[in-house]
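In what follows, a structure is listed as structure tokens, so that the remarks can point back to it.
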Amino acid sequence: MRVSKAWIGKKLNEIPDNPDALAELYAAMKQPMYAVAYRMVLSREDAEDVVQEAFMSLMRIREGGRIKNGSAYLFQIVRNEALRRLRLRDRETACENPEVYIRHTGRGGWNDVDRAMATLSADERQIVAMHTEAGLTYSEIAKVTGSSTATVFRQYRKALGKLQKYFNVSSSFEGELV
């Protein structure tokens, strides 16, 4: 189910006064949030925990009407929780070195996309996931990550180049800054 960014913002702002808003948001956004979390932490269990913790933090929203960009806000929570989980499990170094991570986790259950994504840095994985799986624009990702839009765009292009190389795909990427 694809929802508009305005709808996400509206539901986030309704949470303090309407308990059903959180349930509706969960139903609509759990999958894209899981996809981004999974690409960052490279573990199904950890990604599920990240999404659960993100929604637990949303339950603590006390005031409505203050969230302007709902998508960016939601994925900022996912990003922060995923990074916290990586630090807690001491995986940050392993995620920056995919060979160590692959040896650590084994290859069981991983598909080609998982292995390809593991060749990217943690920053590249989160940008690719936020753009392709969550539908965030480069400028929204820049807000979430605290980077410039141009930096996000360059990292995205670099990541796509690595993925193309991994899959032996020759294609020129002609993206546009959004």
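The values are calculated or read from the model by the stated rules, or taken from the named source; none is laboratory data. The model shown is predicted, which means the values in this text are computed figures rather than measured ones. Heads up, the Cβs are rebuilt from the backbone with ideal geometry, glycines too, and the neighbour counts pull from every protein chain shown.
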In this structure, does TYR34 turn out to be at pLDDT below 95, in a helix (DSSP H, G or I) and under 18 Å from the mean Cα position of the chain (by Cα)?
-> no
Going by the structure shown, is ASP46 touching a residue at least 40 places away in the same chain (Cβ under 8 Å), over 17 Å from GLN76 (Cβ atoms) and under 14 Å from the mean Cα position of the chain (by Cα)?
-> yes
Tally of residues being farther than 18 Å from VAL36 by Cβ and assigned to a loop (DSSP other than H, G, I, E, B) across region 136-171 | 6
Could you list, in sequence order, all residues of region 59-77 that are among the aliphatic types (A, V, I, L, M), surrounded by 12 or more Cβ atoms within 10 Å (Cβ to Cβ) and either at pLDDT below 75 or in a loop (DSSP other than H, G, I, E, B) (or both)?
-> ILE61, ILE67
Residue pairs qualifying under the 8 Å Cβ cut-off, at least six apart or on distinct chains, with the first in region 55-66 being of a type in the set (Lys, Arg) and the second being part of a helix (DSSP H, G or I) and at pLDDT 85 or above, are ARG66/ASN13
What are the pairs, 6+ residues apart or on separate chains, where a residue within region 117-128 that is assigned to a helix (DSSP H, G or I) has its Cβ under 8 Å from a residue that is of a type in the set (Lys, Arg)?
-> MET117/ARG39; MET117/ARG125; GLU124/LYS158; GLU124/LYS162; ARG125/ARG39; GLN126/ARG39; GLN126/ARG79; VAL128/ARG39
Residue hits (region 2-43; more than 14 Å from LEU74 (Cβ to Cβ) and either crowded, with 19+ Cβ neighbours inside 10 Å or of a type in the set (Gly, Ala, Ser) (or both)) are ALA23, TYR38, ARG39, MET40, VAL41, LEU42, SER43
Residue by residue through region 26-43, note down the ones that are of a type in the set (A, V, I, L, M, F, W, C) and without any contact (Cβ under 8 Å) to a residue 40 or more places away in the chain.
-> ALA27, ALA28
